[in-house]
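The values are calculated or read from the model by the stated rules, or taken from the named source; none is laboratory data. In this text the structure is predicted, and so the values were computed from the model without any measurement. Methodologically, a virtual Cβ is constructed for each residue, glycine included, from the backbone with ideal geometry; neighbour enumeration extends over all protein chains shown. The area values use the complete protein model at the heavy-atom level, side chains included, leaving out ligands, DNA and RNA. Shrake-Rupley method; radii C 1.70, N 1.55, O 1.52, S 1.80 Å.
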Amino acid sequence: MDLLITLLAVAFFLLMPGLPAAMLLRLPDRLATLVLAVGVSLATNLVASYVLLRMGLLSTATALVPIALIGAVLLAVRWWRDRPRVAAWRPGRCTPVALLVAGGLFAWAIAVTDPAEMNGYGLISVVPIPLLLALAVLSVLGPKGLVGFAVVLFGFPAAIEPEPFPPVAWTIASFVDYIAVYGDVVPYFDARFSWPAFFAASANLTDAAGLPSAMSLLAPTPIVLNLLMAPPVLLMARVLLRDRRAAYLAPLLFLLGNWYQQDYLSPQAVALVLAVSAVSLLLWLTAGSPGVPGAGWRRWIPVAAARPGLGRRVPVAVEAFVLLMTGAVVITHQLTPVVLVLWLLVLQVAGRLRHRGLAIVVGVLFAGWVVVGAAEFSRRNPGEILGDIGRLRETLRLAVFVRIDGTPEHVRMQLLRVTVSAAYLLAAAAAALTRPRQLVLAGLAVAPFILVALNSYGGEVMLRAFLFSLPATAVLAASLIPVHRVATACILVLAAVASIASRGANQPFERVTPADVAASAYVGEHVPATASLAQYSGFSPYSRLGPAGPRSSFLLDDDRCLTPGDQTDCALILRPDWILITEGQVAHARLAGNGPPDWAERLLANGYTEVFRQGEARVLTAR
């Protein structure tokens with residue numbers, strides 16, 4: 001019964017009120033109807049949750065009841081019109097026997113895998129033969145095995161672990177749980193609270209699903225979010241590719257190329273779904289209508305007409321819903337709106353928009369939010385917004401070269417990640433040069449890399465740029481896949497193995513062990529909120545925001561430790577009251593090439609006492 005309630009709550013968030021609204025428009029394309037339904041539902045829940053949060057009225061009843069009433073009214077209007085129902089989207093018949101075999105092999109692989117045996121090569125070092133056979137079976141199915149690929153690629157790493165991961169997802173869950181309890185954010189605590197719509201909506205979802213904590217959402221979230229990306233990527237491919245078979249391969253290639261692990265319970269993952277949905281709907285809206293240049297300066301910015309057969313009201317309604325999605329993106333994440341503006345500029349220059357200035361409107365919305373909605377963040381962190389402009393060499397060093405370091409095994413896995421991303425870009429470039437009329441996709445693929453010149457984003461900007469370019473590069477790469485079924489299956493199985501290896505490269509230190517959870521729980525129970533707590537790195541499930549509010553905590557690898565010597569030297573200079581060491585931190589130090597760390601032994605010899613130990617997880621306090 002609890003599972004049924006959870007599934008119904010998730011379905012509500014994904015389909016209400018978007019599905020009734022999309023059905024009311026009677027779009028001639030069932031796939032566009034699905035993309036619009038999910039996009040409108042997500043955007044409505046995000047915007048409504050944010051508004052209620054700011055009004056101090058956030059609760060499941062105040063957020064969901066109005067949305068349910070709106071959906072009911074739209075359904076009633078749809079029924080009153082007595083139009084033929086829009087049929088469910090069916091990507092094609094699957095082979096039940098093959099899926100059953102793949103499912104059995106997947107279950108077998110989970111049963112025989114021990115994540116504790118991972119070495120420097122990460123997840124691929126413990127992947128058993130049954131999982132590879134399951135991938136081979138799904139590769140033979142091709143696009144019909146899309147859901148199976150999503151479950152295997154994004155479900156296997158979580159299914160074999162005793163605890164959800166990565167550690168940053170625990171931080172996000174703690175933010176959501178705090179809002180669920182107190183109905184508000186903590187002022188000045190974290191930059192992400194300046195874009196709080198996602199946290200408020202997730203708190204509503206957790207409550208509506210009857211879950212005790214947002215932690216229960218962590219394990220299945222990557223599967224769900226990657227499946228939500230499939231329809232907009234497929235819609236983009238169907239609009240821009242002539243080959244329908246290649247179009248159905250595009251979402252599959254997106255899943256296989258998504259090793260970036262930004263699809264945990266997070267604002268950026270939901271914002272990406274909305275941004276790609278908005279772009280694909282705008283492309284669909286003007287499909288078959290070439291841009292018409294205007295007079296004077298307008299000749300450089302052509303506009304397109306709506307696709308035939310939509311009438312006058314439907315295009316306006318679709319554009320209004322797209323504007324709602326862009327507004328939700330603006331209040332959800334700090335980086336995605338910039339990419340969305342770049343994508344809209346590409347569509348504008350290519351003559352794929354009905355109106356000039358949409359990119360400007362979204363840009364103004366985002367600038368207004370940074371100045372007003374995120375005013376405190378902008379005032380306290382002006383350098384994080386524009387401080388990296390002109391520092392391209394340093395940005396590239398932080399984004400690429402610093403990350404390719406450590407033991408020989410770990411370096412090889414990081415190079416594999418670079419190779420996979422480079423292969424997608426090369427395939428996209430080849431398709432853009434050899435296939436006619438693919439300049440729009442090429443522009444969508446290249447535009448995100450402008451971010452590299454604007455901001456380092458904490459050293460992650462290159463990773464985020466590759467992720468933002470992946471929907472377009474996957475569509476372009478799909479047009480190069482040969483028609484031959486055996487050749488397609490071979491390419492897919494190789495891509496699947498590379499995907500699992502790349503995605504799991506950092507799992508030895510990104511995994512969360514029961515010992516880590518126990519040590520973090522000990523700290524939460526015994527360390528006063530005002531006491532200073534230090535950790536060696538962020539690979540820990542401990543969150544600075546506890547159930548009772550903020551807690552004092554810092555990392556021994558941040559700016560305050562730019563002192564001669566290593567992190568333990570820093571700890572002995574700063575003398576924090578407590579120090580938390582997790583197994584994830586120890587595994588990261590080993591893969592960084594520093595050998596087995598002797599942190600605890602040195603601390604114990606210099607005035608610290610060990611008060612908790614389980615495995616390699618320890619808690620120490622100053623004597």
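Points to keep in mind about this one:
- 5 angstrom amide H check on Gly546, placed H, neighbours 5+ away: Arg551
- Contact order for the chain, expressed relative to its length and based on alpha carbon pairs under 8 Å spaced 6+ residues apart, stands at 16 percent.
- For the stretch 513-621: accessible area per residue (Å², 1.4 Å): 43
- Other residues within the sphere of radius under 14 Å centred on the Cβ of Ala447, judged by their own Cβ, net out at +2 (K and R +1, D and E -1).
- Computed packing ranks the peptides 503-510, 25-32, 343-350 as 503-510, 343-350, 25-32, most packed first, by mean other Cβ atoms within 10 Å.
- Rolling a 1.4 Å probe over the protein heavy atoms of the chain, with every protein chain left in place, gives an accessible area that is 65 percent carbon and sulfur.
- Viscosity 1.306 mPa s, 10 °C: Kirkwood-radius Stokes-Einstein D of the stretch 148-297 over Cα pairs, µm²/s: 91
- Counting only alpha carbon atoms, the long axis of helix 244-257 and the longest principal axis of the chain meet at about 10°.
- Per residue, the stretch 163-312 exposes 33 Å² of solvent-accessible protein surface, assessed with a 1.4 angstrom probe and all protein chains in place.
- Helix 461-478 and the long axis of the chain differ in direction by around 40°, with both axes built from C-alpha atoms.
- Helix 129-141 and the longest principal axis of the Cα set of the chain meet at an angle near 10°.
- Kirkwood Rh, angstrom, the chain [1 / mean 1/r, Cα pairs]: 25.6
- Kirkwood-based shape ratio for the stretch 513-621, expressed as Rg/Rh from alpha carbons: 0.93
- Each stretch of four or more DSSP H residues adds -39500 (n - 2.57); spread over every residue of the chain, this sum gives -18500 deg cm²/dmol at 222 nm.
- A probe of 1.4 angstrom, applied to the heavy atoms of all protein chains, finds Val411 with accessible area near 40 square angstrom.
- Extension gain, Ala317 back to Val402 (0.36 nm per residue minus Cα-Cα distance, nm): 25.9 nm
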